[in-house]
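Scroll down for the structure; my scribbles are underneath it.
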Amino acid sequence: MDFDLAAIDPAPLFALSLVPYLFFLRWAGQCRSIPKTALLGFQLTLLFVVVTIAAAVIALRCCDAELVDIDALHGGAEAFLTLGNAVLVWGLLRQTPEEVNNS
């Protein structure tokens, strides 16, 4: 029995992976030890997902190609991931030692 991984559509698994991330964002929003700027970085990561999906649809509809084949769209989508990561790191680095809760 052969099992072809290329035949599996990853879209449902990708959509399901958003559920735990949304729970994480809710928990992080209620957690007092996560700086607000770092929380914004986590939220921007979700924006990256939305922008990537939109860019993939545009690439498929307008250019009849995959997102990775259209450098401008792919780079633009990845820029949102870079932005989210930069804001997250900035928020964590700005945190003063008094604000850190190690308990």
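Would you mind working out the accessible area per residue for the chain, using a 1.4 Å probe, and quoting it in Å²?
Details: 7760 Å² over 103 residues.
Accessible area per residue: 75 Å².
Against the longest principal axis of the chain, how steep is helix 11-30, in degrees 0 to 90 to the nearest 10, with axes from Cα atoms?
So the inclination is approximately 10 degrees.
Which of these, Ala38, Ala15, Ala65, has the largest mean-square fluctuation under a Gaussian network model of the chain (Cα springs below 10 Å)?
Of the options given, Ala15 has the highest mean-square fluctuation.
With an 8 Å cut-off on Cα pairs and a minimum separation of 6 or more residues, tell me the relative contact order of the chain in percent. Please report the intermediate quantities before stating the final value.
Values: 78 pairs, mean separation 34.9, N = 103.
That works out to 34 percent.
Relative to the longest principal Cα axis of the chain, at what angle does helix 36-63 sit, 0 to 90 degrees, rounded to 10?
10 degrees
Show that you can apply the helix-only estimate: for the chain, add -39,500 (n - 2.57) for every DSSP H stretch of four or more residues, divide by all residues, and state [θ] at 222 nm to the nearest 500. List each step's numbers first, then the result.
Details: 3 runs with 71 residues, N = 103.
Mean residue ellipticity, 222 nm, calculated: -24500 deg cm²/dmol.
Would you work out if the stretch 1-73 is rounded, prolate or oblate? Take a ≥ b ≥ c from the square roots of the eigenvalues of the alpha-carbon gyration tensor; rounded if a/c is under 1.5, else prolate when a/b is larger than b/c, oblate otherwise.
Working: a/c = 3.68, a/b = 1.57, b/c = 2.35.
Oblate is the answer for the stretch 1-73, as a/c is 1.5 or above yet b/c matches or exceeds a/b.
Would you tell me the accessible area of Arg94, worked out with a 1.4 angstrom probe on the heavy atoms of the protein chains, in Å² to the nearest 10?
Counting only protein heavy atoms, Arg94 exposes about 140 Å² to solvent.
Ala79 to Ala11: FRET efficiency via 1/(1 + (r/R0)^6), r the Cβ-Cβ distance, R0 25 Å, to the nearest 0.05?
On the way: r = 23 Å, r/R0 = 0.92.
So the FRET efficiency works out to roughly 0.60.
Mind checking the full-extension length gain between Arg61 and Leu22? Use 0.36 nm per residue of separation minus the Cα-Cα distance, one decimal, nm. Display every interim value, and only then the final one.
Numbers: separation 39, 0.36 × 39 = 14.04 nm, distance 2.87 nm.
Stretched out fully, the Arg61 to Leu22 stretch lengthens by 11.2 nm.
For the chain, take the longest principal axis of its alpha carbons; what is the angle in degrees between that and the long axis of helix 71-93, to the nearest 10 within 0 to 90?
On a 0 to 90 degree scale, this one is about 10.
The values are calculated or read from the model by the stated rules, or taken from the named source; none is laboratory data. If you're wondering where the values come from, they're calculated on a predicted model, not measured in any experiment. Neighbour counts are summed over all protein chains in view; Cβ atoms, including those assigned to glycine, are modelled from backbone coordinates with ideal geometry. Surface areas here come from the heavy atoms of the whole protein model, side chains and all, with no ligands, DNA or RNA. Shrake-Rupley method; radii C 1.70, N 1.55, O 1.52, S 1.80 Å.
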